Structures are given as C-alpha cells and as structure tokens.
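Reviewing the structure listed below.
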Amino acid sequence: MAETKKKTKKKRKSTGMKGHTIKGGHKRSTKSGAGMTAKGVAKYRRDNPGSKLKTAVTEDKPKGKRASRRKSYCARSAGQMKKFPKAAANPNSRLRQARRRWKC
C-alpha cells in the first residue's frame, strides 16, 4: 500500500512593522499626523499577505463604511488613551497626533 503524504502550506512569519521607517516614507512623523502613509500600507500588505490594512479616514464627513471605520478607530484609540495616560497627556505623542489626523 502506497503512503500518501499530505502537503502542508508553510505559514509565512509576519514581520510586523519591522523595516517601516519615517525616513523611508512608510510612516508619518508626529508633526505631520503620526500614521502610516499609502506607501507604508502597501509595504505592510506585501509583507503580510491577506492583510486588510487601509490608510486613515481624514475627510470631514465620510459616508458609509469609511464613517464606521473612523468611529471604530476613535473608540479603540480612546481605550489606548486610558491605558497610556502619559501619552494621553502629551499633545505631541503619536497617539494624540494620530487621533487628531483621524479627526477624533
């Protein structure tokens, strides 16, 4: 009787944000809004197949899905403000700058 071997797909290890720099144009500086740029999001999605990461919702009155994304982000980041009171107190922290950019 012939043995059949199952082929298993090797899972790619996520690199997270390793290699994403402000100088490389992947992230914004805190002065310019402290988030990821479109170039950074594209690199992240290349490094992490299957990712659904998108750029920030920055328009004044978004409609539909974009509005719900903003509402969700603002709720999540409000929780971060509670968890990291030192960052919440500093108006120049990445957290506060990103919230400002998302118009939270």
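Collect the residues in the stretch 72-100 that are loosely packed, with under 13 Cβ neighbours inside 10 Å and free of Cβ contacts under 8 Å to residues at least 24 places away in the same chain, keeping them in residue-number order.
Passing the criteria: Ser72, Ala75, Arg76, Gly79, Lys82, Lys83, Pro85, Lys86, Ala89, Pro91.
If you take the residues of the stretch 41-53 that are surrounded by 13 or more Cβ atoms within 10 Å (Cβ to Cβ) and of a type in the set (D, E, K, R), which of them is farthest from Ala98 (Cα to Cα)?
Ranking the candidates gives Asp47 first.
Part of a helix (DSSP H, G or I) and either in contact with an Asp or Glu (Cβ under 6 Å, 6 or more places away or on another chain) or under 21 Å from Ala38 (Cβ atoms) (or both): does that describe Ser51?
When the stated conditions are applied, Ser51 does not pass them.
Pairs, please: C-beta under 6 Å, at least 6 apart or cross-chain, first residue closer than 13 Å to Ala98 by Cβ and without any contact (Cβ under 8 Å) to a residue 24 or more places away in the chain and in the stretch 25-40, second part of a helix (DSSP H, G or I) and of a type in the set (D, E, K, R)?
none
FYI, it's all coordinate maths here, none of it is from the lab. Please read all numbers here as calculations on a predicted model, not as lab measurements. Note that we place each Cβ from the backbone using ideal geometry, even for glycine, and neighbour counts take in every protein chain shown.
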